[in-house]
Amino acid sequence: MSSARQSFSDSKVILVVGASSGFGKACVELLSQLGHRVFGASRSAQLSQDHSVRDETAWPKLLTMDVQNENSVGSVVETVIQECGRIDVVINSAGIAYAGSVEDTSMAEFQDQLDTNFYGVVRVTQKVLPQMRKQGSGLFINISSIGGLIGLPFQSAYSASKFALEGFTESLRHEVRPFGIDAVLLEPGDFKTNMTLNRKFSKRNTPESIYYQACKRAIETTIAGEVSGQPPEYLAKKVVALIQCNKPAVRYSCGPAMQRVAAKAKGWLPQKLFEQMIAREFEQKN
Ligand SMILES: NC(=O)c1ccc[n+]([C@@H]2O[C@H](COP(=O)([O-])OP(=O)(O)OC[C@H]3O[C@@H](n4cnc5c(N)ncnc54)[C@H](OP(=O)(O)O)[C@@H]3O)[C@@H](O)[C@H]2O)c1
């Protein structure tokens, strides 16, 4: 992977969605340092204190976007096209994570989860595709999760949103390849980001719930993995490599080796054995 700054002709126009924190923020910072013209979008449109007072002509440019709102997505995409005339790469990193049993998670909570992690990506993709088709090129990097390959206990809404993203991206690739457009899935294991602090617990997940203790054990396992995980800058380097890749494959994993092996093992271990392994990892009785 080259860390050299791009010349203007090599520099790409990149839209990072979910740019204020975690993976998105790390991608914005690294890709701008490399000389790309980067637009970072999120509801708060801020990277950190250092970026709050900005030179309007400097990169990265930060824009306000709520992926749950189609008009908000559309207006950001329009701004990027007006300013640069093209969009080369979209990194879909906006995400939230709910925790709680299926029974304790309300329909509104399921919908909120899917509306951000899945329909958010659909909205962005639909708004960007006409421009990419016009240019005859483009790349979507969709941040999925190991939880998009393995159903995580007490994260059914989160896993469902990422499984949906996996199927969506696989389908999309077939449709857009004739137009020179690519889409890839990047599947992180546990990383140290604000996802841990931002995790939402379903409102009915109270000590009175029959699932409360089992949920607590499972989510404590997840949180332990996250707080001891790699920083998001590690994933940003993988994103840079993907942008430079000529013909990327459909999916790439990133993160703790054990989690990456576990995701692969699902394909060849006997199903019952694999389930027992996951139950043991998340301290579930079965
Ligand atoms: N950290 C991990 O261990 C891990 C593992 C696997 C996958 N992932 C995935 O990686 C992605 C990024 O997560 P992260 O770990 O970087 O978490 P994070 O630090 O909490 O960042 C989440 C980002 O998503 C943005 N976002 C949330 N809701 C949004 C909305 N409605 N519209 C626009 N932006 C929104 C947030 O910005 P605002 O709040 O300003 O809108 C923030 O920039 C997510 O899709 C997550 O599922 C994370």
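Computed quantities for the displayed model
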read-out: For Gly138, distant residues with modelled amide H under 5 Å away; value: Asp182
read-out: Note, ³J(HN,Hα) from phi for region 153-159, Karplus 6.51, -1.76, 1.60, rounded to Hz, x at Gly and Pro; value: x, 6, 9, 4, 5, 5, 4
read-out: Sequence-distant aspartates and glutamates (8 or more away, or on other chains) whose Cα lies within less than 13 Å of Lys266; value: Glu275
read-out: Directionally averaged projected area (convex hull, Cα atoms, the chain), nm²; value: 15.4 nm²
read-out: Degrees, to the nearest 10: 107-117 long Cα axis against longest axis of the chain; value: 40 degrees
read-out: Inter-label distance, nm, simple model (7 Å from Cα along the C-beta direction), Arg43/Cys245; value: 3.1 nm
read-out: Cα long-axis angle, helix 119-135 against the chain (0 to 90 degrees, to the nearest 10); value: 30 degrees
read-out: Reachable aspartates and glutamates from Lys272, criterion Cα separation under 15 angstrom, eight or more residues apart if same chain; value: Glu281
read-out: Theoretical gain in end-to-end length, Met107 to Asn194 [0.36 nm per residue, Cα-Cα removed]; value: 28.8 nm
read-out: Extension gain, Glu70 back to Ala257 (0.36 nm per residue minus Cα-Cα distance, nm); value: 63.6 nm
read-out: Cross-link pairs beyond the 23 Å C-alpha cut-off, checked among Lys25/Lys162; Lys216/Lys237; Lys238/Lys264; Lys127/Lys192; Lys12/Lys192; Lys192/Lys285; value: Lys216/Lys237; Lys127/Lys192; Lys12/Lys192; Lys192/Lys285
read-out: In nm, spacing of pseudo-spin labels at Phe179 and Ile223 (7 Å Cα→C-beta vector); value: 4.4 nm
read-out: For the chain, calculated [θ]222 nm from helices alone, where every DSSP H run of n ≥ 4 adds -39500 (n - 2.57); value: -14500 deg cm²/dmol
read-out: Lys, Arg +1 and Asp, Glu -1 on Cβ, resulting dipole of the chain about Cα centre, debye, nearest 20; value: 600 debye
read-out: Between helix 232-244 and the chain: long-axis angle, C-alpha atoms, 0 to 90°, nearest 10; value: 50 degrees
read-out: Region 19-33 - phi-based ³J(HN,Hα) in whole Hz, Karplus 6.51/-1.76/1.60, Gly and Pro as x; value: 8, 7, 7, x, 4, x, 4, 5, 5, 4, 5, 5, 5, 5, 4
read-out: Peptides 229-241, 177-189 ordered by average Cβ neighbours within 10 Å, highest first; value: 177-189, 229-241
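Quick note: the coordinates plus some simple rules give every number you see, no bench work behind them. Fair warning: this is a prediction, and the values are worked out from it, not measured in the lab. Counting neighbours? That spans all protein chains shown, and the Cβs are built from the backbone with ideal geometry, glycine included.
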